[in-house]
Structures are given as structure tokens and as C-alpha cells.
Amino acid sequence: MRIDTEIRPVIVEIDGKEYDVAPKTVELLEKLRGVEDAAVKAGKMRHEMEMEQLELLLGRQAVRELFKAGKNENVDRVDAIYYGVLEAFDTSSRERREARTDAMADEFRAIAETLKPLAEMMALMRNAPGKLPAIKRPAK
């Protein structure tokens, strides 16, 4: 079995411009978690945490380009970009999980198809007139 380990770079297009998404590394995941934990402890608003995480994912310059309005920035726009970038960031893992799930579903469908005649025969036997009486086990 060949295992494909080629990971394609992830690029997102936002407002007609392309931005590279940082590669998924353990270090980056730890930093993202750290930003989230620190935001919760500090009582920051959700969009502030999202902006900090976007800086890690897209870079500080990209965030400056995307969010020029400062405190007048539309929070729904921040959310749309944030969740879009997160979805793109997880693309490779999600595709691999979906492929595995599809393969397992195919296997289960094949097993169900193989067992279908047996299940039909059992149903006929349960509903057949004059079916055999159950034989009780002798008491020990």
C-alpha cells in the first residue's frame, strides 16, 4: 500500500487576493491553542482572539491588509474570514478523514449486500407457517 505524504500548500482567496496559509505544524497548533487559552483567561472578545489567530495563520501583513477599519471592522466579516481560513487550514486532514470514511462505508455496504440473502431467508423462516417449535435446553 502506498501512503501519499505529499501535502499541498494551502492558499485562500479573500476579496480577490490570494494569501498563503501557514503550514500545519505542532508548533503552530500549540501557538493557536495558546492564543485561545490566553484570550479566555484575559476575558478578550472572540473577534480579538480570531484576529490574533489569523496573524499566526496568514501573517501580520495580511491581517493589516484585510482589516483596515480597526474597531469599525464588521465582526461578521472577521468571522467569515476566520472560519474560512480555519476550514482551509484543515483541508488536508479533512480530505483524508472523508476518504477513510467513504472507504469504510463502501466496505459496510459490501458486507450488507453479501449478508442480504441470509437476512431475507431468516425473515422468511420467522414468518413461515408451521415453523419449528423452540427446543428448550435441559436444566442442569
Checklist entry - What order do you get for ASP4, ASP102, ASP79 when you list them from fewest to most C-beta neighbours inside 10 Å? => result ASP4, ASP102, ASP79
Checklist entry - Non-local amide H neighbours of VAL21 (under 5 Å, H modeled in plane, Pro and chain starts lacking H): which ones? => result VAL10, ILE11, VAL12
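About the Cα centre of the chain, what is the dipole size in debye to 20, counting +1 per Lys and Arg Cβ and -1 per Asp and Glu Cβ, all else neutral? Walk me through the numbers before you get to the answer.
Numbers: 25 positive and 27 negative charges, 272 e Å.
Here the size comes out at about 1300 debye.
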Next on the checklist: Starting from 0.36 nm per residue, how many nanometres of slack lie between ARG60 and ARG137 once their C-alpha separation is accounted for?
Outcome noted: 20.1 nm
Next on the checklist: Please state the shape class of the chain: rounded when a/c is under 1.5, otherwise prolate if a/b exceeds b/c and oblate if not, all from the C-alpha gyration tensor.
Outcome noted: prolate
Checklist entry - Given the rule -39500 (n - 2.57) for each run of at least 4 DSSP H residues, summed and divided by the residues of the chain, what is its mean residue ellipticity at 222 nm, to the nearest 500 deg cm²/dmol? => result -21500 deg cm²/dmol
Checklist entry - So what's the gap between the Cα centers of region 56-98 and region 1-52, to the nearest angstrom? => result 8
Checklist entry - In region 45-76, what trypsin sites (Lys or Arg not before Pro) fall in a loop by DSSP, with at most 15 other Cβ atoms inside 10 Å? => result LYS68
Checklist outcome for this item: Phi angles of region 52-63, converted by Karplus (6.51 cos²θ - 1.76 cosθ + 1.60, θ = phi - 60°) into ³J(HN,Hα) in whole Hz with x for Gly and Pro, give 5, 5, 4, 4, 5, 7, 10, x, 4, 4, 4, 5
Item to check | Degrees between helix 75-89 axis and first principal axis of the chain (Cα, 0 to 90, nearest 10) | outcome: 60
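Throughout, read-outs are computed from the coordinates displayed, never taken from laboratory work. Source: prediction; values computed, not measured. Counting neighbours? That spans all protein chains shown, and the Cβs are built from the backbone with ideal geometry, glycine included.
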